[in-house]
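**Student:** Below is one structure. I have some questions about it.
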Amino acid sequence: VPSLATDALVLRTRPGGSELLLIRRGEDPDRGCLALPGGFVEYGEDPEDCVLRELSEETGLNGRNPHLIRVAGDPMRDMRKHVVSVIYHVEVPTDAIAVAGDDAAEIVWIDIGVLPAVDDEIWAFDHGRIVHDAMKHPWVIELRGA
């Protein structure tokens, strides 16, 4: 039986462009790699509540208004087991400061114009594919003002 997870896509606008919030994983698998903040849905938990909880636990940010971006379900996307992840765009206050917590070793804000290549080994799991695909989503394009 597949496990259900959520991941948060958080963008902020800065002079000169937009940045994406990533964490550097502090735990295996993929320790040291870049990932979207996220984690497993608990029994009885709504995925929208999960994405907000995981964002808070890993970054200290209080997100709001989760908006579905896509579902990632390749059975081989996580080497531990079959994990299906629901990816949401999540809004955070523009002046909020992210702080690494839970299994995040570091917070990384990266300019979306210089994202690592989709297949770069710096990405955890399939998050490179998820991020690059999300950057083409009409909702994300509208958010970043392209």
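**Student:** Once Rh for the chain is found with the Kirkwood sum over Cα pairs, what is the Stokes-Einstein diffusion coefficient at 10 °C and 1.306 mPa s, in µm²/s?
**Tutor:** 105 µm²/s
**Student:** Okay, next question. Quickly estimate the mean residue ellipticity at 222 nm for the chain, helices only: each DSSP H run with n ≥ 4 gives -39500 (n - 2.57), and the total goes over all residues, rounded to 500.
**Tutor:** -5500 deg cm²/dmol
**Student:** Could I ask something else about it? Out of the stretch 68-141, which trypsin sites (Lys or Arg not before Pro) are coil in DSSP terms and have no more than 15 other C-beta atoms within 10 Å? Write out the running numbers ahead of the final one.
**Tutor:** Working: sites: ARG70, ARG77, ARG80, LYS81, ARG129, LYS136; in loops: ARG77, ARG80, LYS81, LYS136.
Loop-located and lightly packed - ARG80, LYS81, LYS136.
**Student:** Still on this structure, please answer the following. Please give me, ordered by residue number, the trypsin sites (Lys or Arg not before Pro) of the stretch 1-64 that lie in loop per DSSP and have at most 11 other Cβ atoms within 10 Å.
**Tutor:** none
**Student:** Put a dot 7 Å past each Cα toward the Cβ at ASP119 and ASN62; how far apart are the dots in nm?
**Tutor:** 4.4 nm
**Student:** What accessible area per residue, rounded to a whole number of Å², is obtained for the stretch 1-77 using a probe radius of 1.4 Å?
**Tutor:** 48 Å²
**Student:** May I ask you to give the percent of accessible area on the chain that is carbon plus sulfur, with a probe radius of 1.4 Å?
**Tutor:** So the carbon and sulfur contribution to the accessible surface is 51 percent.
**Student:** If you filter the stretch 90-146 for GluC sites (Glu not before Pro), then keep DSSP loop positions with at most 16 other Cβ within 10 Å, what is left?
**Tutor:** Those that pass, being in a loop and sparsely packed, are GLU121.
**Student:** Averaged over all directions, how much area does the convex hull of the C-alpha atoms of the stretch 67-123 cover when projected, in nm²? Each step should come with its number before you reach the end.
**Tutor:** Details: hull surface 22.5 nm².
If I average the Cα hull's projected area over directions, I get 5.6 nm².
The values are calculated or read from the model by the stated rules, or taken from the named source; none is laboratory data. Treat the numbers as computed from the prediction; the structure is a model and nothing was measured. Here the Cβ is made from the backbone with ideal geometry for all residues, glycine too, and neighbour counts use every protein chain on show. Accessible surface areas use protein heavy atoms only, side chains included; no ligands, DNA or RNA. Shrake-Rupley method; radii C 1.70, N 1.55, O 1.52, S 1.80 Å.
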